[in-house]
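Asker: Pasting a structure here, questions to come.
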Amino acid sequence: MRLRDFLILLAVCLVWGYSNVLSKIVIDHWGVPPLFFAAIRFAVVALVTLPWLLPMPRPRGRIAAIAILMGAGNFALLFLGLQTSSPSTVAIVIQLAVPFTTVLSIFMLGERIHWRRGLGITLTLVGVLLVVWKPGGFTLSAGLWFVVGAALAGSLGAVLMKGTDSVAPLRFQAWVGLISFAPLALASALLEQNQWRSAHEAGWPFVAALLFAALIVSVVGHSTYYWLIGKYEANLLSPLTLMTPLATIGFGVALTGDHLDMQMAAGGGLAFLGVLIVALRTKKTVPLAEARGNEA
């Protein structure tokens, strides 16, 4: 990979990592309801990408399901998890998306798994379990269960994506934004309170965070990554995107005071090693799925 392209990928991963921590600040520190934040983020994405909306990719039913899983479902659960969990812990637990995708591919697509990918899956699971282990045993908070759900939703969307034709990135973003907004807005209206008041109290910093998440992270960040996918093999880029959870941990320690001890470092190291082994053994990957694997 050319040095210029590596630096571009590094910038994208740093943006995605910072976005994870920024989402924690918006949802937890500023008190903006998570479903509301996800809804208006997708509304902005849909508005910006509206010129690329038509024609709708086919098969339409599958595209709609993928959009719900990788958009509304993934981000709603992830933001609910960030409400009570640290970005650093979330960055490690969300790596379960990699073994989830592999296992779902086996059952849904009939793919075969060899021992090295099996080893990678095992290391990822052991790493995550080490992170959540307490002296009394393995405990997973409600927030981290939401993160596990986000990983599973994203993985199922990724597997379904393998059964579709290639979709232009901005067209996919347009449909994800459009399809995700309505259920998120409805869920927020039914389950959350004081959405607009909390956003108003946060003020212009909230507006800036929203525009950053929707425009820089989703539209610019993803489009740039897809451009790199067009130049390089996915099994080269996929391991390099592990810079995203590492950036999340760094920003989390620096900006939100995340606690990083030897247990978390060891568990994170094992999980990332497992993801690396799986990624390096992957013959064919799905750019749209990969791009959403580490980004919030």
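The values are calculated or read from the model by the stated rules, or taken from the named source; none is laboratory data. None of these values were measured; they are calculated from a predicted model. Counting neighbours? That spans all protein chains shown, and the Cβs are built from the backbone with ideal geometry, glycine included.
Asker: Pick from Phe6, Phe100: which is under 20 Å from Ser223 (Cα atoms) and touching a residue at least 24 places away in the same chain (Cβ under 8 Å)? Give the steps one after another, and end with the answer.
Answerer: Numbers: Phe100 fails: under 20 Å from Ser223 (Cα atoms).
Going through Phe6, Phe100 in turn, the sole match is Phe6.
Asker: While we're looking at this one, here's another question. For the stretch 55-72, what are the residues that are within 15 Å of Asp165 (Cβ to Cβ) and in contact with a Pro (Cβ under 9 Å, 6 or more places away or on another chain)?
Answerer: Residue satisfying the conditions is Ile63 alone.
Asker: Right, something else. Suppose we keep only residues that are outside any helix (DSSP H, G or I) and within 20 Å of the chain's Cα centre (by Cα) within the stretch 167-200. Which one would you say is farthest from Ser223 (Cα to Cα)?
Answerer: Only one residue tops the list, namely Val167.
Asker: Consider only pairs whose beta carbons are under 8 Å apart and that are at least six residues apart or on different chains; among these, list those whose first residue lies in the stretch 11-23 and is within 19 Å of Leu77 (Cα to Cα) and whose second residue is hydroxyl-bearing (Ser, Thr, Tyr) and not in a helix (DSSP H, G or I).
Answerer: Matching pairs, first to second residue: Val21/Thr256.
Asker: Among the residues in the stretch 52-67, are any buried (at least 24 other Cβ atoms within 10 Å of the Cβ) and either over 21 Å from the mean Cα position of the chain (by Cα) or of a type in the set (D, E, K, R) (or both)?
Answerer: No: zero hits.
Asker: Looking at the stretch 129-150, is at least one residue modelled with pLDDT under 90, under 30 Å from Val44 (Cβ atoms), within 12 Å of the chain's Cα centre (by Cα) and buried (at least 24 other Cβ atoms within 10 Å of the Cβ)?
Answerer: No, because not a single residue in the stretch 129-150 is modelled with pLDDT under 90, under 30 Å from Val44 (Cβ atoms), within 12 Å of the chain's Cα centre (by Cα) and buried (at least 24 other Cβ atoms within 10 Å of the Cβ).
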